[in-house]
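For reference, the structure discussed in these notes is given below.
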Amino acid sequence: MASPSQRLQTKPVITCFKSVLLIYTFIFWITGVIFLAVGIWGKVSLENYFSLLNEKATNVPFVLTGTGTVIILLGTSGCFATCQASAWMLKLYAMILTSLSPNF
């Protein structure tokens, strides 16, 4: 078991990691809101323009709306996992983000 002085040294590090993860999750969530708003705006306001395009382009608002919804749900679950410090929720969130991120 760690001594009390070692526990005090790790608490600021954990708080810093939580803050960074919350900021990242908030930015991720805002991106989802933007995708959702652009998708709804495209479906409502730009429907006349989409009717002039080919058949494949008319699915763009639905793809943006669906992608935004999924990102919002993932961001919300990541925020809950971070705030509750639930190990299994954080692992699940990390696995989902890792599987969705491009390989560099």
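Computed quantities for the displayed model
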{"quantity": "Test: residue in region 10-23 that is at pLDDT below 85, in contact with a helix residue (DSSP H, G or I) (Cβ under 8 Å, 6 or more places away or on another chain) and among the charged types (D, E, K, R)", "calculated": "yes"}
{"quantity": "Members of region 16-42 found to be under 15 Å from the mean Cα position of the chain (by Cα) and aromatic (F, W, Y), listed by number", "calculated": "Y24, F26, F28, W29, F35"}
{"quantity": "Qualifying positions in region 74-99 - in a helix (DSSP H, G or I), polar (S, T, N, Q) and either surrounded by 11 or more Cβ atoms within 10 Å (Cβ to Cβ) or modelled with pLDDT under 80 (or both)", "calculated": "T76, S77, T82"}
{"quantity": "Condition met for V44 (exposed (fewer than 10 other Cβ atoms within 10 Å of the Cβ) and modelled with pLDDT of 85 or more)", "calculated": "yes"}
{"quantity": "Pair list, Cβ < 8 Å and 6+ apart or interchain, from region 6-18 residues that are surrounded by 10 or more Cβ atoms within 10 Å (Cβ to Cβ) and part of a helix (DSSP H, G or I) to residues that are of a type outside the set (D, E) and at pLDDT 65 or above", "calculated": "K18/T82; K18/A85"}
{"quantity": "Qualifying residue in region 32-41 (condition: in contact (Cβ under 8 Å) with a residue 40 or more places away in the chain and either assigned to a helix (DSSP H, G or I) or surrounded by 15 or more Cβ atoms within 10 Å (Cβ to Cβ) (or both))", "calculated": "yes"}
{"quantity": "Residues (surrounded by fewer than 16 Cβ atoms within 10 Å (Cβ to Cβ) and either at pLDDT 85 or above or at positive phi (or both)) located in region 47-66", "calculated": "F62, V63, G66"}
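The values are calculated or read from the model by the stated rules, or taken from the named source; none is laboratory data. Values in this document were obtained by computation on a predicted structure and should not be read as measured data. So basically every Cβ, Gly included, is an ideal-geometry build from the backbone, and we count neighbours across all protein chains shown.
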